[in-house]
Amino acid sequence: MKALVYHGPQKISLDDCPVPTITENTDAIIKIIKTTICGTDLHILKRDVPSFTPGRILGHEGIGIVEKIGPGITEIKLEDRVLISCIGGF
Ligand SMILES: [Zn+2]
């Protein structure tokens, strides 16, 4: 699948990446329908968010449909429409 990947300050590209899988009980995989950028993305590009290291996939604002959930997920179910946002920060 294609994903927007951070490669360092002011360096991003649309790369081929592995399809995500559930690795933690609280993971959810969402098929994105619509997305946008956030002010946090601009800070990431300026290297103001040290926890974002090169190779990290960007994109954390959007709406989508729940495709897979880990066993610890109880508040959403498969095929729910959800809003993804960075409330709470990184
Ligand atoms: Zn955000």
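The values are calculated or read from the model by the stated rules, or taken from the named source; none is laboratory data. As the structure is a computational prediction, the values presented were derived from the model and not from experiment. Cβ atoms come from the backbone with ideal geometry, glycine included; neighbour counts cover every protein chain shown. Keep in mind that these areas ignore ligands, DNA and RNA; they rest on the heavy atoms of the full protein, side chains included. Shrake-Rupley method; radii C 1.70, N 1.55, O 1.52, S 1.80 Å.
One residue stands out among those in the stretch 58-70 that are touching a Ser or Thr at 6+ places or on another chain (Cβ under 9 Å) and part of a loop (DSSP other than H, G, I, E, B): the one that is farthest from K2 (Cα to Cα), which is G70. All conditions but one from (1) part of a loop (DSSP other than H, G, I, E, B); (2) open to solvent by 70 Å² or more (accessible area, probe 1.4 Å); (3) under 21 Å from C86 (Cβ atoms); (4) not small (G, A, S) apply to V19; the one that does not is (3).
The test for being within 16 Å of the ligand (Cβ to nearest atom) and part of a loop (DSSP other than H, G, I, E, B) holds for I37. Inside the stretch 40-59, residues that are away from the ligand (no atom under 12 Å from the Cβ) and closer than 24 Å to V82 by Cα make up a count of 2. For G62, the criteria (1) under 21 Å from S13 (Cβ atoms); (2) touching a strand residue (DSSP E or B) at 6+ places or on another chain (Cβ under 9 Å); (3) more than 13 Å from the ligand (Cβ to nearest atom) hold in every case but one, which is (3). Under the condition of being in contact (Cβ under 8 Å) with a residue 24 or more places away in the chain and not β-branched (V, I, T), the residues counted in the stretch 12-59 number 18.
For the stretch 22-42, give me each residue that is over 12 Å from the mean Cα position of the chain (by Cα), over 15 Å from G64 (Cβ atoms) and open to solvent by 40 Å² or more (accessible area, probe 1.4 Å). Answer for the stretch 22-42, where residues must be over 12 Å from the mean Cα position of the chain (by Cα), over 15 Å from G64 (Cβ atoms) and open to solvent by 40 Å² or more (accessible area, probe 1.4 Å): I22, T23, E24, N25, T26, G39, L42.
P50 passes every criterion in (1) in contact with a Gly (Cβ under 8 Å, 6 or more places away or on another chain); (2) open to solvent by 40 Å² or more (accessible area, probe 1.4 Å) apart from (1).
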